[in-house]
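J.: Have a look at this one.
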Amino acid sequence: MKSLTDYLWFNTSKEHDILNITGEAERLVKKSGVKEGFCLVSAMHITAGIWVNDEEPGLKQDLFEWLEKLAPKGNYRHHHTGESNGDAHLKRTLVHHQAILPITDGKLDLGPWEQVFYVEFDGRRKKRVVVKIIGE
Amino acid sequence: MKSLTDYLWFNTSKEHDILNITGEAERLVKKSGVKEGFCLVSAMHITAGIWVNDEEPGLKQDLFEWLEKLAPKGNYRHHHTGESNGDAHLKRTLVHHQAILPITDGKLDLGPWEQVFYVEFDGRRKKRVVVKIIGE
Amino acid sequence: MKSLTDYLWFNTSKEHDILNITGEAERLVKKSGVKEGFCLVSAMHITAGIWVNDEEPGLKQDLFEWLEKLAPKGNYRHHHTGESNGDAHLKRTLVHHQAILPITDGKLDLGPWEQVFYVEFDGRRKKRVVVKIIGE
């Protein structure tokens with residue numbers, strides 16, 4: 001069994017942002033030498049998620065507007081700690097914080113429109129995604 | 001390490017549909033010869049998801065009615081591209097697009113009521129699910 | 001390849017509950033002897049989920065209050081079967097029923113605040129989580 005672990009760091013200039021990390025994941029798969037296996041991409045900070053969907057600017061804006069309706073900024077009990085990002089924890093929950101990308105014949109085995117995104121809900125600070133590949 | 005990759009194709013007659021694919025996954029696990037490992041089931045098209053829940057007709061209808069409330073058909077920015085399925089991208093996000101099924105002693109290690117469903121939100125065209133098994 | 005499979009049993013005294021199972025997962029990773037791999041934690045009963053987020057009492061209460069808004073108790077078609085837990089099936093869907101925890105250098109490779117929770121939406125009966133570890 002082969003494995004590779006790496007970390008992608010992000011420090012977005014905006015509070016909310018979405019970054020296409022498909023190329024980064026592909027680069028690490030190639031580096032790993034794994035031909036058949038799984039590539040886990042998981043946001044390590046609890047106010048960010050991973051989204052596998054379409055690289056289309058309108059849809060990406062739809063995502064944030066829709067999440068704002070379902071998990072709006074507001075008064076959360078979490079804010080008694082001095083934090084103000086309760087909504088970001090819930091937005092991460094809806095998007096989910098990770099995805100497994102299958103690796104087949106040495107490449108990401110994604111659908112024709114599937115792209116992998118890091119979705120930030122509380123940016124302007126350093127945050128990390130773990131990419132872990134196992135296989136053969 | 002052993003691995004097996006296969007693709008399930010769907011072309012539902014309805015826009016919204018839900019198909020129990022537990023048997024298909026079990027068949028592929030058997031074919032793989034893997035006794036201990038993981039079976040990834042992942043919808044490759046970005047308007048469909050994978051749901052692990054109960055094979056109960058009422059609940060399956062509840063799922064669609066509830067998703068329609070949380071991610072209704074409507075006017076999305078995505079529709080400026082000529083598409084009309086913005087809601088389907090968001091419904092996929094809520095259901096999540098994939099699940100990992102554990103394999104123990106050569107069988108899917110599911111709970112007593114867990115069944116695996118392909119959930120279609122924009123059907124009437126050919127779509128694919130990747131099933132990828134790794135283990136030993 | 002090494003593997004380990006174990007099951008955690010829960011019987012919460014309350015209908016809704018949230019239990020930090022990070023230590024249990026860590027213990028099993030150590031027991032497995034796996035240095036590089038994946039640890040799947042998956043709720044086997046369809047009215048419970050797995051949540052990876054912050055160990056902060058206010059936020060945990062926020063989670064339940066927010067889920068009650070998005071997937072409220074109510075009249076579901078599922079209740080025609082005699083059940084009354086339709087909302088719990090939908091809450092599990094939002095939280096998602098599983099997470100993959102990366103294992104690096106023999107330890108859970110989680111972010112600084114990431115903790116792993118079993119989230120119960122229909123307790124007061126025996127329920128199970130499967131923990132499955134594969135790697136080397």
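J.: Restricting to the stretch C:36-54, count the residues that are assigned to a strand (DSSP E or B) and among the acidic types (Asp, Glu).
T.: Of the residues in the stretch C:36-54, 0 are assigned to a strand (DSSP E or B) and among the acidic types (Asp, Glu).
J.: Further, regarding this structure: When the residues of the stretch A:1-45 are filtered to those that are of a type in the set (Val, Ile, Thr) and over 11 Å from the mean Cα position of the chain (by Cα), which remaining residue is nearest to B:ASP6 (Cα to Cα)?
T.: Among those that are of a type in the set (Val, Ile, Thr) and over 11 Å from the mean Cα position of the chain (by Cα), it is A:VAL34.
J.: Among the residues of the stretch A:52-70, write down those that are crowded, with 19+ Cβ neighbours inside 10 Å and closer than 17 Å to B:ASN85 by Cβ.
T.: A:VAL52, A:ASN53, A:ASP54, A:GLU56, A:LEU59, A:LYS60, A:ASP62, A:LEU63, A:TRP66
J.: Moving on to the next point. Which pairs do you get when a residue that is polar (S, T, N, Q), found in the stretch C:63-77, comes within reach of a residue that is in a helix (DSSP H, G or I) and at pLDDT 95 or above, reach meaning Cβ atoms under 9 angstrom, with the pair 6+ apart or on two chains?
T.: Once the first residue is polar (S, T, N, Q) and sits in the stretch C:63-77, its partners that are in a helix (DSSP H, G or I) and at pLDDT 95 or above give C:ASN75/C:GLY86.
J.: Would you call B:SER42 small (Gly, Ala, Ser), touching a residue at least 12 places away in the same chain (Cβ under 8 Å), out of contact with any helix residue (DSSP H, G or I) (no Cβ under 8 Å at 6 or more places or on another chain) and under 27 Å from A:ASP54 (Cα atoms)?
T.: yes
J.: Select from the stretch A:20-35 the residues that are among the β-branched types (Val, Ile, Thr) and either surrounded by fewer than 20 Cβ atoms within 10 Å (Cβ to Cβ) or not in a helix (DSSP H, G or I) (or both) and list them in ascending order.
T.: If the condition is that a residue be among the β-branched types (Val, Ile, Thr) and either surrounded by fewer than 20 Cβ atoms within 10 Å (Cβ to Cβ) or not in a helix (DSSP H, G or I) (or both), then A:ILE21, A:THR22, A:VAL34 are the ones that fit.
The values are calculated or read from the model by the stated rules, or taken from the named source; none is laboratory data. Being a predicted model, the structure only gives us computed values, none of them experimental. Positions of Cβ are generated from backbone atoms using ideal geometry, with glycine treated the same way; all protein chains shown enter the neighbour counts.
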